[in-house]
1. How about the range 314-362: which trypsin sites (Lys or Arg not before Pro) there are in a DSSP loop, with at most 13 other Cβ atoms within 10 Å of their Cβ?
2. Between (i) 49.2, 192; (ii) 25.1, 83; (iii) 20.5, 62, which entry matches Rg and Dmax of the Cα atoms in Å as derived from the coordinates of this structure?
3. Restricting attention to the range 287-335, which chymotrypsin sites (Phe, Trp or Tyr not before Pro) occupy a DSSP loop and are surrounded by at most 13 other Cβ atoms within 10 Å?
4. Please compute the contact order of the chain in relative form: average sequence separation of alpha-carbon pairs under 8 Å and at least six residues apart, divided by the residue count, as a percent.
5. What is the count of Lys pairs in the chain whose alpha carbons sit under 18 Å apart, if the two are 8 or more places apart or on different chains?
6. For a quick protection proxy, order the peptides 103-110, 173-180 by their average other-Cβ count within 10 Å, most packed first.
7. Give me Cys48, Cys116 ranked fewest to most by other Cβ atoms within 10 Å of their Cβ, as a rough exposure proxy.
8. What size of dipole, in debye to the nearest 20, comes out for the range 234-352 about its Cα centre when the only charges are +1 on Lys and Arg C-beta atoms and -1 on Asp and Glu C-beta atoms?
Amino acid sequence: MTQALSNRDERGHALPVEAAPRTHLEPVSQQTLPVLAPVPRITVHAFCLNPETGVAIQRAAEDRRLRRAAFSVEMGGTAAALARYATSPSPNLIIIETSDRARDILADLDRLAEHCDSGTRVVVVGAANDVRLYRELMRRGVSEYLIAPVDPLQLIESVSALYTDPDAPPIGRSIAVVGAKGGVGASTVAHNIGWALSGLVEAQVTLVDLDLAFGTASLDFNQDASHGLADALTAPDRLDPVMLDRLLVECRENFNILPAPSSLERDYELAPEAFETVLEVIRRSVPFVVMDVPHVWTAWTRQLLLTADEVVIVAAPDLACLRNTKSLVELIVKSRPNDRSPRLVVNQVGVPKRPEIPLKDFAEAIELEPTVAIPFDPQLFGTAANNGQMISELQAAARPVASFDTVARILSGRTFEPEKPKTGFASILAALKKTR
């Protein structure tokens, strides 16, 4: 939990410092962070001189990547830290802001070192852009030196780097896809996005079907039903890369699914920690994880949506979806102040004789522009579902294929050079490859 940012009067009493007002629909930044591993359960104490620095640290403390850390933020800089640790033990990490000259900074840190435990790490925030100071701080064992003003994203990345094994493989990007209501085709969208992503990035993609009772991943990919995900969730502490490899079902090169059991023989009342543990093992095994999140509201679905690297909301252009999408967007943006807004996919556009909310009005009401709008095509989607195929397998030139590719490119976090049109013999070869 984060304590309130405070200043202190001459008697040492706390004085409140107000953060700059902001609405819950305004993320601090739209910048996309590199995928970072969650920080372990640590204690962080910050001692600031400027209220702006304290506000930035508090906003970083609210971030999903630092949610396991316990933050305490107060004013006073190095003097406050010296006074505190003269009578109390030091935490795992101390963040100190200073405006002193280099010589005074080093002297203060030497005094602070006398009161710190050997395992305590220190991050210094200063105003001087001085390479010699930086080198001297590193020589004294300071973990990082940041130049003020700092922003939440910079702090998040710096703290995460301190507790990440540099030799460990990078953690995979997690993408949660959820429907604004049942029946809007969220699972179909999730499956086709995952399929498109595996073809675009040429890296392993794992689709996790989290609808344990009614999941359709095994049907959509024409695979035998499996209890793979249920086995992993009932014994999450036993899951390792070897066991995970046995549970995954390979659909094609670079694309695997972890299907739901799709069975009503048992209830699936599982703790959020089980899902967190399983998904962390998967993310450490593959570069991309697409999660097909069912339309239910539980502690674990809420946690998945608030901790995923990217969130995709699938909605139809009707009033119920408008209300539910607005509620989801407001919750996600408010709870993830340092992340991008969710991506919106409007599906089933143009159903004959059905009154629809115009896309412009839909976007204005929720303050979020759709990433793509997918036209209603029951023949195409129905045939693909009955055949156990993705849309691109059934009809590569269909309009929805371009939409799925667009969303996959955005979610990948990578840039792609525009594909050059093939002519002559190259176009003939490309056509032959598609027919194989």
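Coordinate-derived values only; no laboratory data. All figures in this text were calculated on a predicted structure; none of them were measured in a lab. Cβ coordinates were reconstructed from backbone atoms using ideal geometry, including for glycine residues, and neighbour counts include every protein chain displayed.
1. Here the sparse-neighbourhood loop sites are Lys353.
2. (ii)
3. For chymotrypsin sites (Phe, Trp or Tyr not before Pro) across the range 287-335 that sit outside H, G, I, E and B with at most 13 neighbouring Cβ atoms in 10 Å, the list reads Trp297.
4. 17 percent
5. Values: Lys181/Lys326; Lys326/Lys334; Lys326/Lys360; Lys420/Lys433; Lys420/Lys434; Lys422/Lys433; Lys422/Lys434.
Close lysine pairs under the 18 Å cut-off: 7.
6. Values: 103-110: 15.6, 173-180: 26.0.
Per-residue Cβ counts within 10 Å, averaged per peptide and sorted highest first, yield 173-180, 103-110.
7. On the way: Cys48 27, Cys116 18.
Least to most surrounded, the residues fall as Cys116, Cys48.
8. Magnitude of the dipole: close to 440 debye.
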